[in-house]
1. Please tell me if residue 31 is surrounded by 10 or more Cβ atoms within 10 Å (Cβ to Cβ), at pLDDT 75 or above and not assigned by TED's automatic domain parsing to the domain that holds residue 97.
2. Residues of the range 82-100 being within 30 Å of residue 169 (Cβ to Cβ) and surrounded by fewer than 13 Cβ atoms within 10 Å (Cβ to Cβ), which ones?
3. Among the numbered criteria (1) at pLDDT 85 or above; (2) more than 30 Å from residue 56 (Cα to Cα), which single criterion is violated by residue 164?
4. From the residues in the range 177-189 that are in a loop (DSSP other than H, G, I, E, B) and over 19 Å from residue 123 (Cα atoms), which one is modelled with the highest pLDDT?
5. Please go through the range 49-74 and pick out each residue that is under 16 Å from the mean Cα position of the chain (by Cα), touching a residue at least 24 places away in the same chain (Cβ under 8 Å), at negative phi and part of a loop (DSSP other than H, G, I, E, B).
6. What pairs can you find where one residue is in the range 151-176 and within 22 Å of residue 137 (Cα to Cα) and in the same structural domain as residue 188 (by TED's automatic domain parsing), the other is modelled with pLDDT of 75 or more and assigned to a loop (DSSP other than H, G, I, E, B), and their Cβ atoms are less than 6 Å apart, with a gap of 6+ or different chains?
7. What number goes with the only condition from (1) on the phi > 0 side of the Ramachandran plot; (2) touching a residue at least 24 places away in the same chain (Cβ under 8 Å) that residue 14 does not pass?
8. For residue 78, all conditions in the list (1) over 30 Å from residue 187 (Cβ atoms); (2) surrounded by fewer than 16 Cβ atoms within 10 Å (Cβ to Cβ) hold save one; what is the number of the exception?
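The values are calculated or read from the model by the stated rules, or taken from the named source; none is laboratory data. Please read these numbers as outputs of a predicted model, since none were measured by experiment. Heads up, the Cβs are rebuilt from the backbone with ideal geometry, glycines too, and the neighbour counts pull from every protein chain shown.
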């Protein structure tokens, strides 16, 4: 765990073993009044289980002291908080950061060749007066100039919109009445 000498008192030391050996060695140069050593045993509990992690997955199954786990969100969701947490030493078991969460962003830049866009707050209803813009960029297309693909309200379009450009801009504006949700699947060709 450590090696200490002189008159400086070391900080509290922690070990995860049920057995610890302390070696004391003096150098014969002079007599000193000695030392005092206090110890405390405690149960080696695990940190709290992060499951269920809504709209994402937890990578790693170790919840013991010193072990780390990471968090990943499902496609269409964004991680809010720290992606890697480590179980800390101490008499109580705590992660070094609060559990993150996965939320649907209101807009953003998307570069994957296929995926899904969800309405803000999905699967809950979107808020009133939302104004979100997503720019989707896929592998280079034929390079057609920008044109409006359509305006869609209250339901699905008759035919799926398509573009020969490698970029599309999706803008969602809700009215002042709260309610509804949507999911848009897209695929680059």
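1. No; evaluated as a whole, the condition is false for this residue.
2. Listed by number, the list is empty, since nothing qualifies.
3. Checking residue 164 against (1) at pLDDT 85 or above; (2) more than 30 Å from residue 56 (Cα to Cα), the one that fails is (1).
4. In this case the residue turns out to be 188.
5. Across the range 49-74, the qualifying residues are 50, 53, 54, 74.
6. Here the result reads 166/138; 166/140, each pair linking the range 151-176 to a residue that is modelled with pLDDT of 75 or more and assigned to a loop (DSSP other than H, G, I, E, B).
7. (1)
8. Of everything listed in (1) over 30 Å from residue 187 (Cβ atoms); (2) surrounded by fewer than 16 Cβ atoms within 10 Å (Cβ to Cβ), residue 78 misses just condition (1).
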